[in-house]
Ligand code: GDP
Ligand code: IMO
Ligand code: MG
């Protein structure tokens, strides 16, 4: 499989977890390189549902090595909870999970600040997952963050944590929020640190050695292109580089070792949280929610839904260098008579064929639609390209062509076997 970067080509929740699980079969190592437990990646194995937040989805395939890279922000208490959940489900973690020494920590004051800033923003809130992601990356950039390497050094951790809690309690006081107790946080984080210590290593050196041996490495993106801190709909974004470049900086694996980029996208569009979504459509949202679909894997919030937006996915192909496309949730469109696809944006008489940078401009954009006839039959049982209705094949071909990348996977259900390789 060589070294493959997998990214979300839309606003997150494209079905990355499912596709990672499918592709892990031919990988040796799976690496998370950015984000934190704001991610929720769903994998079905048989009828059992797993939702991974920090641990790469590859952990569910026996014998595969999984790495949490330096670019990830880790809430250690939450990570221990996730490890325990997997152990309870009899998934082998020991010997398969590796955690970067230099990944930054999410601390309780980050979560509290995340919440307080959202309250202060009022109707302009971002709609974050309240996992403390923005404040944790903020501390990393301000060089006031604590890292895994500090957590497993008891004397240093105690000293640094004291200073950080003192300063952050002053900020929390200004918000009118409750101060954080040093002793409680210290005890909980030290206990988590002791649990995590056996997994902690220099993952950059480990990945370099693996790459030299010819191992196939799969980089598991979290969130999606339009949540990228640089290329997304700022400020309605997350705080990391969710695009392909983040896989290099967040793992220490150099760009010239990367072989290909797979973009995952739904056959329609969803977004959870605030910010512009040009093709948003209440009827599709109602239809998908009535089917019990499109509720957030991390926060349970109903996702906003809309038609497929090829202006956005073409932009994603550009900033990620997408070579191959995996289209998921094709089956979500099975009951529609007519399916719309956004092929351009318009404000008055001005046409946009790219995603404008100013969110206020983007919010004013009206989609220009092309219409496709629906196939009006179930696609769930299709396992080969020729099993799909001709109209579904035409639709898939059209959205891949509009995006400007090669379609290699179509997904017609959440399970491993509900996958068509082209
Ligand atoms: P991720 O964050 O990109 O991994 O995506 P999520 O797991 O948050 O959300 C994707 C949802 O779609 C999950 O509930 C998956 O089980 C589900 N899913 C993925 N692919 C398909 C598909 O082809 N068909 C159906 N019906 N569900 C899918
Ligand atoms: P996966 O990996 C969808 C969204 C939040 C909010 C914005 C900022 O499952 O695709 P944050 O908590 O990161 O500061 O929130 O980003 N968001 C996601 N939306 N899928 C995700 O992850 C997301 N992670 C963050 O809803 O709009
Ligand atoms: Mg998700």
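The values are calculated or read from the model by the stated rules, or taken from the named source; none is laboratory data. Model, not experiment: these values are computed from the prediction. Cβ atoms come from the backbone with ideal geometry, glycine included; neighbour counts cover every protein chain shown.
Could you tell me whether the stretch 68-87 includes any residue that is touching a residue at least 60 places away in the same chain (Cβ under 8 Å), buried (at least 24 other Cβ atoms within 10 Å of the Cβ), assigned to a loop (DSSP other than H, G, I, E, B) and out of contact with any strand residue (DSSP E or B) (no Cβ under 6 Å at 6 or more places or on another chain)? Yes, that holds for at least one residue. Please tell me if residue 395 is over 20 Å from residue 232 (Cα atoms) and either in contact (Cβ under 8 Å) with a residue 60 or more places away in the chain or not assigned by TED's automatic domain parsing to the domain that holds residue 248 (or both). Yes, satisfied. Residue count for the stretch 381-391 satisfying the condition of being farther than 14 Å from residue 422 by Cα and surrounded by 13 or more Cβ atoms within 10 Å (Cβ to Cβ): 2.
Here's the yes/no breakdown for (1) under 18 Å from the mean Cα position of the chain (by Cα); (2) within 14 Å of ligand 2 (Cβ to nearest atom):
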| site | (1), (2) |
| --- | --- |
| 103 | yes, no |
| 108 | no, no |
| 113 | no, yes |
| 117 | no, yes |
| 120 | no, no |
| 127 | yes, yes |
| 131 | yes, yes |
| 137 | yes, yes |
| 141 | no, no |
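What about residue 243, is it closer than 30 Å to residue 213 by Cβ and surrounded by 15 or more Cβ atoms within 10 Å (Cβ to Cβ)? Yes: the conditions hold for residue 243. Among residues of the stretch 393-418 being within 18 Å of residue 293 (Cβ to Cβ) and crowded, with 21+ Cβ neighbours inside 10 Å, the one that is nearest to ligand 3 (Cβ to nearest atom) is 411.
For the stretch 276-302, filtered to residues that are within 14 Å of ligand 2 (Cβ to nearest atom) and buried (at least 21 other Cβ atoms within 10 Å of the Cβ), the residue that is farthest from residue 403 (Cα to Cα) is 294. The residues of the stretch 191-202 that are surrounded by fewer than 17 Cβ atoms within 10 Å (Cβ to Cβ) and part of a helix (DSSP H, G or I), listed by number, are 191, 194, 195, 197, 198.
Residue 339 passes every criterion in (1) surrounded by fewer than 21 Cβ atoms within 10 Å (Cβ to Cβ); (2) over 26 Å from the mean Cα position of the chain (by Cα) apart from (1). Considering only residues that are within 15 Å of ligand 1 (Cβ to nearest atom) and free of Cβ contacts under 8 Å to residues at least 12 places away in the same chain, which ones fall in the stretch 274-331? Passing the criteria: 290, 292, 295, 300. Quickly run through the stretch 314-331 and pick out the residues that are over 16 Å from the mean Cα position of the chain (by Cα), closer than 26 Å to residue 385 by Cβ and either surrounded by fewer than 20 Cβ atoms within 10 Å (Cβ to Cβ) or within 16 Å of ligand 2 (Cβ to nearest atom) (or both). Scanning the stretch 314-331 gives 314, 321, 323, 324, 329. Selection of the stretch 148-176 for residues being in contact with a strand residue (DSSP E or B) (Cβ under 9 Å, 6 or more places away or on another chain) and assigned to a loop (DSSP other than H, G, I, E, B) yields only 152. Of the helices (runs of 4 or more DSSP H) contained entirely in the stretch 203-316, those carrying at least 2 residues that are in the same structural domain as residue 39 (by TED's automatic domain parsing) and at pLDDT 95 or above fall at 203-213, 245-249. The condition of being in contact with a strand residue (DSSP E or B) (Cβ under 7 Å, 6 or more places away or on another chain) and free of Cβ contacts under 8 Å to residues at least 60 places away in the same chain holds for residue 145.
Per this entry, residue 180 is counted among residues that are under 19 Å from residue 75 (Cβ atoms), at pLDDT 95 or above, assigned to a loop (DSSP other than H, G, I, E, B) and over 25 Å from the mean Cα position of the chain (by Cα). Under the condition of being within 14 Å of ligand 3 (Cβ to nearest atom) and part of a loop (DSSP other than H, G, I, E, B), the residues counted in the stretch 317-331 number 1.
Of the strands (runs of 3 or more DSSP E) lying entirely inside the stretch 1-62, those containing at least 3 residues that are touching a residue at least 24 places away in the same chain (Cβ under 8 Å), buried (at least 21 other Cβ atoms within 10 Å of the Cβ) and more than 9 Å from ligand 2 (Cβ to nearest atom) span 4-8, 29-32.
Filtering 20, 45, 5 for residues that are touching a helix residue (DSSP H, G or I) at 6+ places or on another chain (Cβ under 7 Å), at pLDDT below 95 and away from ligand 3 (no atom under 11 Å from the Cβ) leaves a single hit, 45.
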